[in-house]
1. Rounded to the nearest 20 Debye, what is the dipole magnitude of the chain about its Cα centre when Lys and Arg each give +1 and Asp and Glu each give -1 at the C-beta?
2. Can you find, among Leu231, Cys49, Ala168, the residue sitting farthest towards the positive end of the charge dipole of the chain, where Lys and Arg contribute +1 and Asp and Glu -1 at Cβ?
3. Tally Lys and Arg at +1 and Asp and Glu at -1 over the other residues with C-beta under 15 Å from the C-beta of Ser218: what net charge comes out?
4. Filter the chain for me: DSSP H helices, axial length by Cα at least 30 angstrom, mean Kyte-Doolittle hydropathy not below 0.0. List them by residue number.
5. Report the full-extension gain for the segment Met64 to Glu178: residue separation times 0.36 nm, less the Cα-Cα distance, to one decimal in nm.
6. Tell me the label-point distance for the pair Leu29, Leu263, using the 7 Å Cα-to-Cβ offset, in nm and rounded to one decimal.
7. At 7 Å along the Cα-to-beta-carbon direction for both Phe284 and Arg213, put a label point, then send me their distance in nm to one decimal.
8. Ignoring everything except DSSP H segments at least 4 long, calculate the 222 nm mean residue ellipticity for the chain; use -39,500 (n - 2.57) per segment, divide by total residues, nearest 500.
Amino acid sequence: MTLDLIGQLFTIIAPVLLCVGIGYGWTRLGRPFDPGFATALVSGIGAPCLIFSALTRVEISKDMLGTIAAAALGCYAGMAVLGLLVLRLARLPAHSYLPALMFPNGGNVGLPLCLLAFGAEGLALGIAWFAIGALGQFTVGIGIAAGSFSPRSLARQPLIYTLIVALAFILSGTKPPEFVAKTTEILGGMLIPLMLLSLGASLASLTVGRPGRAFALSLLRLLGGFAVGWLVAWAFGLSGAARGVLLIQSSMPVAIFNYLFALRYEREPADVAGMIVITTLLSFLTLPALLLYVLP
């Protein structure tokens, strides 16, 4: 490994670790941090604005955006099948563990990595993945944890309307008004730093429940996610930034929202918290190898 490559990896990983570390240290020092308020800002303002801004600002073909969205659906479906199979063999309840296996942290960690590794193109492709995952998590993920699914939950998600408006601009080949573009760019800029700080703050308060089970399921999330991502990238014939983004996003740790849903519906929240902590720590250790594999 050359010094230039080491420097490139450090430039990508260090900002992510530093932001997470600041959030962790802030909470450990007893400073106030309201996760509910941060979550509301992220889901209600930051994510819709960043998705709209990135998709309408970056020059990426409609075919490529459609391909990465379809590939993302393939990854989620693949992890659902793999997760159900393993959970059935292990005689563990799907409503407790399947959402954590299906939905990785493509926002807090995935988006910064896609941006730092592949620039604006990587961010736009990563956001296409993130948008599909966010919609799935707040509909299918909640439905699995709750034991029932309501189509009305989809209609209440701001992301669905953001995607519709953004796609209207993309398909018509027009740009949004400059004041709209600037406003969404500014508001969307809060998403990545706020999500990284929130991740650090959450890690400071979560504890590992049943570490043996949590560790085994954590390996399934990370290794299984990479394997499914590799197969889907091969099946779709992806290369370059698209392949790299797909592999990064599909290999991410368990998303924080899975713990919130597990807590809300009493679905083994201590175990899900353990999976979040373990997968996040393991992913920070494996990031150099993952980036070495995906970088051109």
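1. Dipole size: approximately 580 debye.
2. Leu231
3. Computed value for this residue: +1.
4. Membrane-span-like by this criterion, though nothing is claimed about a membrane: 3-28, 62-90, 211-236, 269-294.
5. That pair, Met64 and Glu178, stretches by 38.5 nm at full extension.
6. Rounded to a tenth, the inter-label distance reads 2.3 nm.
7. 2.6 nm
8. Computed mean residue ellipticity for the chain: -25500 deg cm²/dmol.
Readers should treat all values here as calculations from the given coordinates under stated rules, not as data from a laboratory. Computed from a predicted structure; not experimentally measured. In this analysis, Cβ positions are derived from the backbone assuming ideal geometry, glycine residues included, and neighbour counts consider all displayed protein chains.
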